[in-house]
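The values are calculated or read from the model by the stated rules, or taken from the named source; none is laboratory data. Because the structure is predicted, anything quoted here is derived from the model rather than measured. Cβ placement follows ideal geometry from the backbone for every residue including glycine, while neighbour counts extend to all protein chains displayed. These accessible areas exclude ligands, DNA and RNA; they are computed on the full protein's heavy atoms, side chains included. Shrake-Rupley method; radii C 1.70, N 1.55, O 1.52, S 1.80 Å.
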Amino acid sequence: MSDEALRRRTAEAFERALRQLGGSPALEDARLSLRDAARQVTQPMRLALVGRISSGKSTLANALLGNEVVATGARELTYNVSWLRQVERGGRERLVVHLRGGGSQEWPLAELAVLSGNNEVLTSIDYLEVLLDNAELAAYDLVDTPGLDSHLGADQENTLRTLRLTASDVRRATISHAARAHAVVLVFCRGLAAGDEELMAEFQGAAFGAATPVTAVGALTKVELLWPQYPDPLGEGYRIAERMMTVSGARRMVYDLRPVASKVAEGAATLTEQEFADLLALAAGDPALLDRRLARGPFFASRPYEDLPVPARRRAQLLRRLDRYGVHLACGLIRAEGVDRLPQLRKLLLDRSGMTEFRRLLTGHFGNRADLIKLRQAVDQALALPARLDLGPVQRFTVEQAVAHLRQAELDEHGFAELRVLRQHYNGELRFDPADSAELARVTGEHGTSTAARLGLPEGSPPQLVRTRAADRIAHWSARAVDPAYSRATRQAAQVLVRSYERLITG
Amino acid sequence: MSELVSGFEQQRLELLDWVDELDPLLARRRAVESRRRLAAARHRLSAGRLTAVICGEFKRGKSTLLNALLAEPDLFPVDTVYATSLVIAASYAEREEVEVTLEQADGSVLRRRIDRAEIAGYATESGNPHNTKRARMITVRTPNPRLRSGLTLVDTPGVGGVHAEHTTVTTGFLPGADALLFVVDLTQPLTESELEFLRRASRSARVTGDEDGLLFVLTKADVGDCTELAEDARTKLAEVTGRPRERLRVVAVSAHAKLAYLAHGDPEDLELSNFEELERVIWSALSRRRTTVLLGDALSELDTAVTALITPLQGERAALRGSAEQAQQDLREQLRARRRELDRLAEAGSWHDRLTTALTGVRRELLARAGEELDGLWGDVDSYHLLLDRYLDHPQQLVDKLVSDAAAVIGTVNELAVRRTAAVQRELVLASELPLAQQRLGGLPPPPVPSLEVTGGQQRTDRGAEGIRATESMIAGTSAGGALGGVLGAALGSLLPGIGAAIGGVLGSALGTLFGARNGYRTSMEASREQQRRQRALALRHELEPLRRSQYRHVQEVVDAVLAEFGQALTAELHSRVRAAQQSAQEESERVRNAERASQREAAERLAVLEQELAPLLHRRATIADRAAEYGRTGE
């Protein structure tokens, strides 16, 4: 049942396919494409952030990485795709600018400002590769895309013109990079109701095969702006997300949609000691007075207010860092939890901004299935070859023969069968109730890939218990698999789950 | 309340007083038609609406803004998602009445009285999922002091492309509004559909010369330091509307701060809310044109009525004074000539040709303007839109855009029709030498042709849903679409000055038909996706050709239908004026006859009484002229 074995067998299938292709020069393209597909598997999982301009993608990326790394300082760069990766061991953090004509240039991160003034380079960027020493990037690469908007404001169009780009170019780059990613985070801005429906319709369009519930989750950003009208913005965010999942049909596209007070999360990661001291001072005062003052944002940031212990200039800085809700929340946490150290506040803010939950969703949904998802995409890429390449009938036959090995591997592999069941389930083709759905997610690794996690048992459960539980589930799903009351697809899915449990006890 | 509001309120009250002062005199003198006309004018003035339409994308805080403007935090539900395709209007009444307009399966309308608490059941997504109740409009008439002066606030549904037919119809009515409040959320970027809407609205405003009626309200100015956001928004709006930044009317407000002020009374909240400025800007937009038109209409009618009272008295006075046989002879001759002329005018034929010629001129002008606008739209298609991937990939979006663009053209043309027919009315009255105040009250814009519903014209007094369907059939092919348009059009028309339910119905169903023409385009164009860009652009252009032709045809049909409606209203109006003049002349003849029979002593007594009767009337006429000069100046 290990992914290791699956990866090995898939690699072997690729090898066989390549051998079958032979050395004919006419098939050079096919060989290159197949090798490229096979290599994808060994690369880290690529996770793309996709959404409208200003939907908070970069803020979310910063919050995920716990640092202000995404080119917020250099506006010209935000129109390019940024690929954020873990720097090689002992390597220097840097920016690699990939140029459209081929080739690349390296820039120290500190010199982003210089780069944003260098028109010659700016006008020939294909995409940016940012190499960082960041623990989060050990699990996945993050691709920050500029935006899906087909129309930009005239001021942005002006910037684009100086970069010799058009809105269509930006959009195309976003789509092509997102399509190459293994998984996608769709970023929705709080409450953009009508616009979001349009956006989702576009995602569902042909250009966007990548967004299925298996490979996509959603983030509802900027929920901090719901405060103070909603005292619990995250709770309200969950309500909006739920509505979008059901009413707007997001369920067809994303596995789950989670609200994130993204600005608060980003601010938590970058909060300075001075700002922390100011928060402590504010927290010591009258909470009701603070909230009243915070509600009038522009005044909070500019008026003298003798009754607040922090000067206006520094209050403005706090607002920029954490937004109104962040300041309210931080002071509340300081009061309620007796916080006296910055790291402690950071952690609490991350929890309460929904960021901790969101990270957990990413690791659970993508991280635990990373290999399977990557393999799946590699195989899909290979299987699409005969149709994609411009071939004569004889060569096409050869390529079809070659990829047949992969099709066989696909059919044989139980992991792929599980993925197919997941996909069918998300498409609403199966009659699964909520308990069934939860079990399907769990046994396919949503909450961890150990045998205990897949069975929903505590780690280190005695083997006896493991066997009893698995046997119980096998009996449950075996009955379902032959029950004529269910559709054929549901019965077949049940059969796959029986096999999943069997593999847990037979190894 | 701002000074502008109370100023208008006072002016209106004064004129209503004058009407009430003249009415018993007209009754005593049996000036039936003049009295009826003055009553109609009184109705127009007191029911006269100043319509501010609020528009913007969903979830831009429009309901909160409405509640804050009305100082009623709970009137419109805000914490839930709004139902789609719904117009909400708030206006004044002594007792609260809430009504919902529902579209029936057969396309007819049902109006249902509900109470305030039931609004959410129709207006929100949770109370009315996917608008299965087919609610089209909710009107709230309520004793809110902020609405007393006749202000009607209309909240239109979002401007997005999701509910295209509704958007099309609403778009067509916007040029008839007195002020447009475009709501922009400072914390969110402007969407494509918002930009598209704005381009359209500012284009219409340019044609009718109403650019100052377009106001931008930036909401959520409470979030933080929003100077930069507001500057960005301003720049963007200037670029979209093509107006210089400094001439844009932009107000950044916080509705939440206003509501907080209402709840707690902290003046700092009021200051942050900036609502005093917002109210000032709204009222200055309204008084820019509409208040002048409303007051001017009443003044002109007052002047006509007072003149109808004065003339017979002056005739009698002349008869009493003129002892010489020759002078009396002349007077009788003049009177006879005038009555003969009036009898001739009462036969429609005498001025019918002139009316036809004038309306033909208007028609030519409107068609030329509409043609220019449509040429512009379709020129852009060739030179720009067909080069965009977005439209090549999604031709339906281009079709939707073109349909809404055409709706805006139709709305603009309709608004021009309102103004041009007003001018025709003035010319005709002048040419017929009918008593017309405008001659002396020159500073004011000509009042619009009163619609039949208001004057109670004899041809059609009651225009309910029945009448709307009748007018609908005036346009060929209406059955294909336009049912919703007719319903919504009549509803919107009843809210907008110068349109009225009947023309609203015509306009609405025309817009609906326009929209109906769009449906045939879906399938054929999707098929062409695979072709190359250039070929796709050519193919699309070819496919769009019937749409282009049908738009030119529709515009022509609308102009004809609207002008036919105005033609009838104008005829009724002229007949009414002739009748009033006839009655006045009749009275004068009787008075002159009596005067001739009077002895010298009787004549002296009678003259004294007459002078007493005349003095206040002459004074009133002078004050009316003063006011007209005054309002004419402010209306410039």
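Might you check whether a residue that is in contact (Cβ under 8 Å) with a residue 24 or more places away in the chain, in contact with a Phe, Trp or Tyr (Cβ under 6 Å, 6 or more places away or on another chain), under 30 Å from A:Arg35 (Cβ atoms) and not assigned by TED's automatic domain parsing to the domain that holds A:Ala250 occurs anywhere in the range A:407-414?
Yes, the range A:407-414 contains a residue that is in contact (Cβ under 8 Å) with a residue 24 or more places away in the chain, in contact with a Phe, Trp or Tyr (Cβ under 6 Å, 6 or more places away or on another chain), under 30 Å from A:Arg35 (Cβ atoms) and not assigned by TED's automatic domain parsing to the domain that holds A:Ala250.
Could you tell me whether the range B:597-606 includes any residue that is outside the structural domain of B:Asp212 (by TED's automatic domain parsing) and within 24 Å of the chain's Cα centre (by Cα)?
At the first step, the residues of the range B:597-606 found to be outside the structural domain of B:Asp212 (by TED's automatic domain parsing) are B:597-606.
Applying the additional criterion that residues be within 24 Å of the chain's Cα centre (by Cα) yields none.
Within the range B:597-606 (the criterion being outside the structural domain of B:Asp212 (by TED's automatic domain parsing) and within 24 Å of the chain's Cα centre (by Cα)), the answer is no, since none of the residues qualifies.
Where residues in the range B:158-171 are within 14 Å of chain A (Cβ to nearest Cβ) and part of a helix (DSSP H, G or I), which of them is modelled with the lowest pLDDT?
Among those that are within 14 Å of chain A (Cβ to nearest Cβ) and part of a helix (DSSP H, G or I), it is B:Gly161.
Mind counting the residues in the range A:303-320 that are in a loop (DSSP other than H, G, I, E, B) and either under 18 Å from A:Glu275 (Cβ atoms) or more than 10 Å from chain B (Cβ to nearest Cβ) (or both)?
So the first thing to find is which residues in the range A:303-320 are in a loop (DSSP other than H, G, I, E, B), and the list is A:303-311.
Applying the additional criterion that residues be either under 18 Å from A:Glu275 (Cβ atoms) or more than 10 Å from chain B (Cβ to nearest Cβ) (or both) yields A:304-311.
Going through the range A:303-320 one residue at a time, the tally reaches 8.
Determine whether B:Ala201 is open to solvent by 10 Å² or more (accessible area, probe 1.4 Å), part of a helix (DSSP H, G or I) and either away from every other protein chain (no Cβ under 12 Å) or farther than 25 Å from B:Glu415 by Cα (or both).
Values: open to solvent by 10 Å² or more (accessible area, probe 1.4 Å): yes; part of a helix (DSSP H, G or I): yes; either away from every other protein chain (no Cβ under 12 Å) or farther than 25 Å from B:Glu415 by Cα (or both): yes.
In short, yes.
Report, by residue number, each residue of the range A:163-196 that is at pLDDT below 65 and part of a helix (DSSP H, G or I).
Result: A:Ala193, A:Ala194, A:Gly195, A:Asp196.
Return only the number of the condition from (1) facing chain B (nearest Cβ under 10 Å); (2) open to solvent by 50 Å² or more (accessible area, probe 1.4 Å); (3) modelled with pLDDT under 90 that A:Arg252 does not satisfy.
(1)
If only one of B:Glu301, B:Glu276 is in contact (Cβ under 8 Å) with a residue 40 or more places away in the chain, crowded, with 18+ Cβ neighbours inside 10 Å and among the acidic types (Asp, Glu), which one is it?
Details: B:Glu276 fails: crowded, with 18+ Cβ neighbours inside 10 Å.
Answer to the selection: B:Glu301.
Within the range B:248-265, work out how many residues are surrounded by fewer than 18 Cβ atoms within 10 Å (Cβ to Cβ) and without any contact (Cβ under 8 Å) to a residue 24 or more places away in the chain.
2
Identify the residue in the range B:172-198 that is in a loop (DSSP other than H, G, I, E, B) and under 12 Å from the mean Cα position of the chain (by Cα) and, among all such residues, is farthest from the other protein chains (Cβ to nearest Cβ).
Of the range B:172-198, the ones in a loop (DSSP other than H, G, I, E, B) are B:177-178, B:186-191.
Imposing the further condition that a residue be under 12 Å from the mean Cα position of the chain (by Cα) reduces the set to B:177-178.
On the way: B:Ala177: 22, B:Asp178: 27 Å.
Filtering the range B:172-198 for residues that are in a loop (DSSP other than H, G, I, E, B) and under 12 Å from the mean Cα position of the chain (by Cα), the one farthest from the other protein chains (Cβ to nearest Cβ) comes out as B:Asp178.
With the requirement that a residue be in contact (Cβ under 8 Å) with a residue 60 or more places away in the chain and either over 30 Å from A:Pro434 (Cβ atoms) or touching a Cys at 6+ places or on another chain (Cβ under 9 Å) (or both), what does the range A:252-279 give you? Write out each step before concluding.
Kept after step one, since they are in contact (Cβ under 8 Å) with a residue 60 or more places away in the chain, are these residues of the range A:252-279: A:252-271, A:273, A:276, A:279.
A:Lys263, A:Val264, A:Glu266, A:Gly267, A:Ala268, A:Ala269, A:Thr270, A:Leu271, A:Glu273, A:Phe276, A:Leu279, listed by residue number.
Sort through B:Leu229, B:Leu215, B:Leu190 and tell me the only one that's open to solvent by less than 10 Å² (accessible area, probe 1.4 Å) and either assigned by TED's automatic domain parsing to the domain that holds B:Ser273 or of a type in the set (Gly, Ala, Ser) (or both).
Values: B:Leu229 fails: open to solvent by less than 10 Å² (accessible area, probe 1.4 Å); B:Leu190 fails: open to solvent by less than 10 Å² (accessible area, probe 1.4 Å).
Step by step, each of B:Leu229, B:Leu215, B:Leu190 is checked, and only B:Leu215 is open to solvent by less than 10 Å² (accessible area, probe 1.4 Å) and either assigned by TED's automatic domain parsing to the domain that holds B:Ser273 or of a type in the set (Gly, Ala, Ser) (or both).
Only one of these is more than 26 Å from B:Arg339 (Cβ to Cβ) and open to solvent by 30 Å² or more (accessible area, probe 1.4 Å): B:Glu613, B:Glu602, B:Glu590, B:Glu630. Name it.
Criteria check complete, one pass: B:Glu630.
Which count do you get for residues in the range A:263-312 that are more than 20 Å from A:Leu225 (Cβ to Cβ), small (Gly, Ala, Ser) and more than 36 Å from the chain's Cα centre (by Cα)?
5
Does A:His447 satisfy the criteria of being within 21 Å of A:Leu6 (Cα to Cα), open to solvent by less than 70 Å² (accessible area, probe 1.4 Å) and touching a residue at least 12 places away in the same chain (Cβ under 8 Å)? I'd like the intermediate steps shown before the answer.
Values: within 21 Å of A:Leu6 (Cα to Cα): yes; open to solvent by less than 70 Å² (accessible area, probe 1.4 Å): no; touching a residue at least 12 places away in the same chain (Cβ under 8 Å): yes.
For A:His447, the condition - within 21 Å of A:Leu6 (Cα to Cα), open to solvent by less than 70 Å² (accessible area, probe 1.4 Å) and touching a residue at least 12 places away in the same chain (Cβ under 8 Å) - is not met.
Within the range B:106-157, considering only strands (runs of 3 or more DSSP E) that don't extend past its boundaries, which have at least 1 residues that are among the small types (Gly, Ala, Ser), touching a Lys or Arg at 6+ places or on another chain (Cβ under 6 Å) and free of Cβ contacts under 8 Å to residues at least 40 places away in the same chain?
Values: elements: B:109-114, B:135-142, B:151-155.
Fully inside the range B:106-157 and qualifying: nothing.
If a residue must be within 11 Å of chain A (Cβ to nearest Cβ) and assigned to a helix (DSSP H, G or I), how many such residues does the range B:210-227 contain? Steps first, answer last, please.
Of all residues in the range B:210-227, those within 11 Å of chain A (Cβ to nearest Cβ) come to B:220-227.
Then drop every residue that is not assigned to a helix (DSSP H, G or I), which leaves B:227.
Qualifying residue count for the region: 1.
Anything in the range B:228-255 that is among the acidic types (Asp, Glu) and more than 8 Å from chain A (Cβ to nearest Cβ)? List them, or say none. Steps first, please.
If we filter the range B:228-255 for residues that are among the acidic types (Asp, Glu), which is where we start, we get B:228, B:231-232, B:239, B:246.
Result: B:Glu228, B:Glu231, B:Glu246.
Would it be correct to say that B:Val240 is open to solvent by 20 Å² or more (accessible area, probe 1.4 Å) and in a strand (DSSP E or B)? If you could, list the steps in order and put the result at the bottom.
On the way: open to solvent by 20 Å² or more (accessible area, probe 1.4 Å): yes; in a strand (DSSP E or B): no.
Criteria not met by B:Val240.
Given the options A:Arg296, A:Arg324, A:Arg346, name the one that is basic (Lys, Arg) and open to solvent by 40 Å² or more (accessible area, probe 1.4 Å). So that I can check it myself, show each step before the final result.
Values: A:Arg296 fails: open to solvent by 40 Å² or more (accessible area, probe 1.4 Å); A:Arg324 fails: open to solvent by 40 Å² or more (accessible area, probe 1.4 Å).
Within the list A:Arg296, A:Arg324, A:Arg346, the selection yields A:Arg346.
Among the residues of the range B:49-69, is there at least one that is at pLDDT 90 or above, of a type in the set (Gly, Ala, Ser) and over 24 Å from B:Val140 (Cα atoms)?
The answer is no, given that none of the residues of the range B:49-69 is at pLDDT 90 or above, of a type in the set (Gly, Ala, Ser) and over 24 Å from B:Val140 (Cα atoms).
Does B:Arg206 satisfy the condition of being open to solvent by 30 Å² or more (accessible area, probe 1.4 Å) and in contact (Cβ under 8 Å) with a residue 60 or more places away in the chain?
On the way: open to solvent by 30 Å² or more (accessible area, probe 1.4 Å): yes; in contact (Cβ under 8 Å) with a residue 60 or more places away in the chain: no.
It is false that B:Arg206 is open to solvent by 30 Å² or more (accessible area, probe 1.4 Å) and in contact (Cβ under 8 Å) with a residue 60 or more places away in the chain.
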